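To keep things clear, I will list the structure first and then write my remarks on it.
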2 protein chains.
Amino acid sequence: MHGTAPSASADLDETTVTEAAVASFRDTPDPRLRACLSILVRHLHAAVREMEPTLEEWEVAVDFLTATGQKCDDTRQEFVLLSDVLGISSLVENINHRKSSVATEATVLGPFHMTDSPERELGDSIDEVGKTEPCLVTGRIVSVDGTPLPGAGVDVWQADEDGYYDVQRPDVLPPGNGRGLFTADGEGSFSFTTVVPSYYPIPTDGPVGRLLLATNRHPYRPAHIHFIATANGHIPVTTHIFVAESPYLDSDAVFAVKSSLITDFHRLDDPGKAAEHGLPNPYVHAHVELVLEPSRGGGRG
Amino acid sequence: MHGTAPSASADLDETTVTEAAVASFRDTPDPRLRACLSILVRHLHAAVREMEPTLEEWEVAVDFLTATGQKCDDTRQEFVLLSDVLGISSLVENINHRKSSVATEATVLGPFHMTDSPERELGDSIDEVGKTEPCLVTGRIVSVDGTPLPGAGVDVWQADEDGYYDVQRPDVLPPGNGRGLFTADGEGSFSFTTVVPSYYPIPTDGPVGRLLLATNRHPYRPAHIHFIATANGHIPVTTHIFVAESPYLDSDAVFAVKSSLITDFHRLDDPGKAAEHGLPNPYVHAHVELVLEPSRGGGRG
């Protein structure tokens, strides 16, 4: 075969293809998209240049990403899980919540915030199964100066005492079990009853589970309850509280533990207080203060 | 909430989470997998650190990757397409085929090599529709020293004169149209008839198409025929020949054009030769020499 003269973007080689790929996005109207694609192309190409993958390895990567997408459905988000176990979710959260002095630290959303939490009344139980010791969670949503935030919203979700979210055991757990959407009272306070969540393995029946297996990584997360707190004029926070006695606080599979979020779950033996909350005695109690930062003009609050 | 003492991997921040994520893979038994994950984590984190994505942008990325996986099926490979339009496939090919002096240059596999090509006899037509001018393709598979490679295999696939592969128009095109698996004769020669392929847009009805739209990139590839040539004792080559008169040779959407692969498709007016090949006169003729490199001991040949 004989050719015509090489043209601008023909005959790209391993040293020139990166700039050609970056240049291909030069007419992107949105400058932010153009900047992000340029950064991604350069770093992905740098990774490829450093790995020098064989074609078979490239195919393994394509198959892995395809299987990751195909594992996703209405209640399963395998790409969030992949982002989590690679530490990317934690990095993104840390970048977006550079610690202000006193506001509650944020941590990862995780892959289980996919269904709407049912609206519940203050004091309600989010546990609809009730087969173990009840736990009272009390909380307060305040601004960084300590002012309570009446009417603030708090979205809560957690695994049960066996380590399962509702969507993982649809045959056994009613939809909405372990979830609740509450509105704080006039003092910014809220409370609900639940069960003490268990530590649990992230789902291992998909591509991310195979990755952990192949790399001798355990899949466990320490026990925690998720919160998203929102209030007028304030920046929402997505966070957890971690059960202080839980294993895996020092090796969370998704790199999300902040020591400021580790919370004592006290066992209380106080028949009077138990009766006041309509709980059997003894019971467990945890308290959480969610401290929100005011949004600056036009912010997300 | 009040905490216990921070432990080894709690309280990771944007400066420490990368090394923690790399360290999490330290017990990976396969050293190649460990090395690749370490490289990927570092470069992906570096990209995130440079982009500083908002949580909403991170969600857009998760949704894009999920949709890309979910667009894949038995005949569609959207992650290959994504790798192609980002220049990654071209980079991987270039790394794996650092140009030896005379061997045929490799180029990308592309997303349409998903079904087995039907075995055909030398001289057969790979076009089963026959509604336009026929094209004779002759070829020869030789080693770098010019020695013919009898019995070499050649897998061929191409779009039709309207720019469609069989799998894209299953209602109109018979399965295997535009595809053939041939065995070279005792001289290393092969031939088949077909139609001159058209330039075409890569599929734009998925996430990759939306990416091209959002970035004002055209989706076109110059007209080409794909080949994979294999022979005993030689390294296989995955390549194309490009139609010399085609538009888009200088702006291939997947960065795959090599000037050495641009091939003249001659229109011939020679009733004698036409009759010899059982073709109407005039017809089009293209010739391709596929030059394979010997594999070094235990290679892939």
Report yes if some residue within the range B:2-20 is modelled with pLDDT of 90 or more, hydroxyl-bearing (Ser, Thr, Tyr), over 20 Å from residue A:108 (Cα atoms) and under 34 Å from the mean Cα position of the chain (by Cα); otherwise report no. no
Just one of the numbered conditions (1) within 22 Å of residue B:283 (Cβ to Cβ); (2) modelled with pLDDT under 95 is not true of residue B:154; which one? (2)
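Going residue by residue through the range A:33-43, is there one that turns out to be among the hydrophobic types (A, V, I, L, M, F, W, C) and either touching a residue at least 24 places away in the same chain (Cβ under 8 Å) or assigned by TED's automatic domain parsing to the domain that holds residue A:255 (or both)? Lay out the reasoning, then the answer.
In the first step, residues of the range A:33-43 are kept if they are among the hydrophobic types (A, V, I, L, M, F, W, C); the result is A:33, A:35-37, A:39-41.
The next check asks that each one be either touching a residue at least 24 places away in the same chain (Cβ under 8 Å) or assigned by TED's automatic domain parsing to the domain that holds residue A:255 (or both); those that pass are none.
No, the range A:33-43 contains no residue that is among the hydrophobic types (A, V, I, L, M, F, W, C) and either touching a residue at least 24 places away in the same chain (Cβ under 8 Å) or assigned by TED's automatic domain parsing to the domain that holds residue A:255 (or both).
Here is a yes/no grid of residues against (1) among the aliphatic types (A, V, I, L, M); (2) at pLDDT below 95; (3) under 16 Å from the mean Cα position of the chain (by Cα); (4) in a helix (DSSP H, G or I):
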{"site": "A:208", "(1), (2), (3), (4)": "yes, no, yes, yes"}
{"site": "A:232", "(1), (2), (3), (4)": "no, no, no, no"}
{"site": "A:248", "(1), (2), (3), (4)": "no, no, no, no"}
{"site": "A:255", "(1), (2), (3), (4)": "no, yes, yes, no"}
So, in the range A:60-77, exactly how many residues are within 8 Å of another protein chain (Cβ to nearest Cβ) and assigned to a helix (DSSP H, G or I)? 7
Can you name every residue in the range A:197-210 that is in contact (Cβ under 8 Å) with a residue 60 or more places away in the chain and surrounded by 22 or more Cβ atoms within 10 Å (Cβ to Cβ)? A:208
Mind listing whichever residues of the range B:87-108 are more than 8 Å from chain A (Cβ to nearest Cβ) and crowded, with 17+ Cβ neighbours inside 10 Å? B:97, B:103, B:104, B:105, B:106, B:107, B:108
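Matching residues to (1) hydrophobic (A, V, I, L, M, F, W, C); (2) in contact (Cβ under 8 Å) with a residue 60 or more places away in the chain:
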site: B:124; (1), (2): no, yes
site: B:128; (1), (2): no, no
site: B:133; (1), (2): no, yes
site: B:141; (1), (2): yes, yes
site: B:150; (1), (2): no, no
site: B:161; (1), (2): no, no
site: B:166; (1), (2): no, no
So, in the range B:229-284, of the ones that are within 14 Å of another protein chain (Cβ to nearest Cβ) and touching a Pro at 6+ places or on another chain (Cβ under 6 Å), which residue ends up surrounded by the most Cβ atoms within 10 Å (Cβ to Cβ)? B:242
Considering the range B:50-108 alone, what residues qualify as being in contact (Cβ under 8 Å) with a residue 24 or more places away in the chain, out of contact with any Ser or Thr (no Cβ under 6 Å at 6 or more places or on another chain) and among the β-branched types (Val, Ile, Thr)? B:68, B:75, B:80, B:85, B:102
Condition check for residue A:227: in the same structural domain as residue A:105 (by TED's automatic domain parsing), among the aromatic types (Phe, Trp, Tyr), within 16 Å of the chain's Cα centre (by Cα) and more than 16 Å from residue A:165 (Cβ to Cβ): no
If you go through the range B:261-279 one residue at a time, do you hit one that is in contact (Cβ under 8 Å) with a residue 40 or more places away in the chain and under 16 Å from the mean Cα position of the chain (by Cα)? yes
Test residue B:163 against the stated conditions and say whether it is over 15 Å from residue B:234 (Cβ atoms) and either away from chain A (no Cβ under 14 Å) or part of a loop (DSSP other than H, G, I, E, B) (or both). yes
Restrict the check to the range B:67-86 and report whether at least one residue is of a type in the set (A, V, I, L, M), under 30 Å from residue B:257 (Cβ atoms), modelled with pLDDT under 95 and surrounded by fewer than 22 Cβ atoms within 10 Å (Cβ to Cβ). no
Return the residues of the range A:121-158 that are more than 18 Å from residue A:293 (Cβ to Cβ), among the polar types (S, T, N, Q) and either assigned to a loop (DSSP other than H, G, I, E, B) or in contact with a helix residue (DSSP H, G or I) (Cβ under 8 Å, 6 or more places away or on another chain) (or both); say none if nothing qualifies. A:132
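The rows are residues; the columns are (1) part of a helix (DSSP H, G or I); (2) at the interface with chain A (Cβ under 7 Å from one of its Cβ atoms).
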| residue | (1), (2) |
| --- | --- |
| B:20 | yes, yes |
| B:27 | no, yes |
| B:34 | yes, no |
| B:38 | yes, no |
| B:41 | yes, yes |
| B:44 | yes, yes |
| B:48 | yes, yes |
| B:58 | yes, yes |
With (1) out of contact with any helix residue (DSSP H, G or I) (no Cβ under 9 Å at 6 or more places or on another chain); (2) closer than 26 Å to residue A:85 by Cβ; (3) assigned to a loop (DSSP other than H, G, I, E, B) as the list, and residue A:227 as the residue in question, which single condition is left unmet? (3)
Subset of the range A:211-224 (residues that are within 11 Å of chain B (Cβ to nearest Cβ), in contact (Cβ under 8 Å) with a residue 60 or more places away in the chain and outside any loop (DSSP other than H, G, I, E, B)): A:211, A:212
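The values are calculated or read from the model by the stated rules, or taken from the named source; none is laboratory data. Note that the structure is predicted; figures quoted are calculated from it, not measured. Neighbour counts run over all protein chains shown; Cβ positions are idealised from the backbone, glycine included.
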